[in-house]
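Working notes for the structure below.
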Amino acid sequence: MEFVDTERGRFAIRREGSGPTALFLHGFPLDATMWLDQITGLEGLGERIAMDLRGNGHSEPTHHDIADIDMHADDVVAVIEALGVLKVDLVGFSMGGYVALSIAQRYPERLRSLALIDSKADADSDAAKINRTNAAVRATLQGREALAQEMIEALLSPSASLLAKARLRTMVEACSFETIVASQAGMAKRPARTKTVAGLDVPFLAVVGEHDGVTPPELSIAMADAAPNGMSVVIPGAGHMTPIEKPRAVNDILRDWLKKVR
Ligand code: MLT
């Protein structure tokens, strides 16, 4: 792990390899270690960097009551610039995909390609916003163990390995309560970015687990269909957490993708 100092604060990254950069953005309430299988498994495909978003992992703690998705996007671009990288192949998982779409809309010049894994471009419904508030209250009052248990049951397919369950629990239980609360508020507030997808001028990939209940396959496929140069892949037998649940399948897809877009 190393640190990148920017005018927006200090951010932790994990990186391997050299050459064209693929940048990986994690989901809620996770950190860069969710990408360990991709960072090591995509050897020979340029530089792979996974970043801890503000408030997560070892990056700058958050002191905001709302961890705005655009704030994360500004942080990510500050890191890209501090590293002296011109363009990246951006890979965003779930909440990281919301951040990636903010970058696609607000900093399109930074992208060579965009891949969203188990993510979506739609905004939250009113019911989803209420669920987020309730989930933040439950986590704060009942603890991260309860949240981790809920997430293992809701986000992984029944056939997920013990290791996948262990990794999810480790990340969730390491996340600060402040970040859990602020991230839920930030995700609830995000706008729909379906027009951003329809206006993309870089190649676009949407990957999703067959049984993903958070960002269902139909939304993922619809995004790829709407993008001018989009393709979608559904991973059979997987839930929401495909990068840790089916790392080989995700790596095979990303290997072909990165070769194609460079
Ligand atoms: C995530 O996996 O990042 C979150 O579950 C996404 C969300 O809650 O919308």
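The values are calculated or read from the model by the stated rules, or taken from the named source; none is laboratory data. A quick note: this is a predicted structure, and the numbers were derived from the prediction, not measured. Heads up, the Cβs are rebuilt from the backbone with ideal geometry, glycines too, and the neighbour counts pull from every protein chain shown. Accessible surface is based on the protein model in full, side chains and every heavy atom, while ligands, DNA and RNA are left aside. Shrake-Rupley method; radii C 1.70, N 1.55, O 1.52, S 1.80 Å.
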remark   = Counting Lys and Arg as +1 and Asp and Glu as -1 over every other residue whose Cβ sits under 12 Å from the Cβ of residue 257, the net charge comes to +2
request  = For the chain, give the magnitude of the charge dipole about the Cα centre (Cβ charges: +1 Lys/Arg, -1 Asp/Glu; no others), in debye to the nearest 20.
outcome  = 280
Residue 161 versus residue 127: modelled label distance in nm, points set 7 Å from Cα along the beta carbon direction = 3.6
note = Applying the gyration tensor rule to the Cα atoms of the chain (axes a ≥ b ≥ c; rounded if a/c under 1.5, else prolate if a/b exceeds b/c, else oblate), the class is rounded
remark   = accessible surface per residue for segment 1-79, probe 1.4 Å, DNA/RNA/ligands not counted, whole Å² -> 36
query = To the nearest 0.05, how large is the calculated FRET efficiency for residue 18 and residue 260 if R₀ is 25 Å and r is the Cβ-Cβ distance?
reply = 0.80
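Please report the antiparallel percentage of DSSP beta bridges with both residues in the chain, rounded to the nearest 5. Display every interim value, and only then the final one.
Values: 9 of 35 bridges.
Close to 25 percent.
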request  = Taking amide H positions as placed in the peptide plane 1.01 Å from N, state which residues far from residue 233 in sequence (5 or more) or on other chains have amide H under 5 Å from it.
outcome  = 206, 207, 208
note = Calculated from DSSP helices alone, with each H run of at least 4 adding -39500 (n - 2.57) and the total divided by the residues of the chain, [θ]222 nm to the nearest 500 comes to -14000 deg cm²/dmol
ask   = Per residue, how much accessible area does segment 193-245 have with a 1.4 Å probe, in Å²?
value = 39
task = Grab the other residues whose beta carbon is less than 14 angstrom from that of residue 161, score K and R as +1, D and E as -1, and report the net.
result = +3
query = Going by average Cβ neighbours within 10 Å, how do the peptides 223-235, 152-164 rank, with the highest at the top?
reply = 223-235, 152-164
ask   = For segment 2-261, what % of the accessible area comes from carbon and sulfur atoms, probe 1.4 Å?
value = 53
request  = Could you calculate the FRET efficiency of residue 1 with residue 153 from 1/(1 + (r/R0)^6), where r is the beta carbon distance between them and R0 is 30 Å, rounded to 0.05?
outcome  = 0.50
message = On alpha carbon coordinates alone, what is the Rg over Rh value for segment 132-236, Rh being the Kirkwood radius?
response = 1.04
key: Modelled label reach - residue 64, point 7 Å along Cα→Cβ, segment 1-19 residues with backbone N closer than 17 Å   = 6-12
key: Most positive-pole-ward Cα, 72, 91, 29, against dipole of the chain from beta carbon charges   = 91
ask   = Residue farthest toward the positive end of the dipole of the chain, with Cβ of Lys/Arg at +1 and Asp/Glu at -1: which of 41, 183, 211?
value = 41
inquiry  = If you take every DSSP beta bridge fully contained in segment 1-130, what fraction is antiparallel? Give it as a percent rounded to 5.
reply    = 35
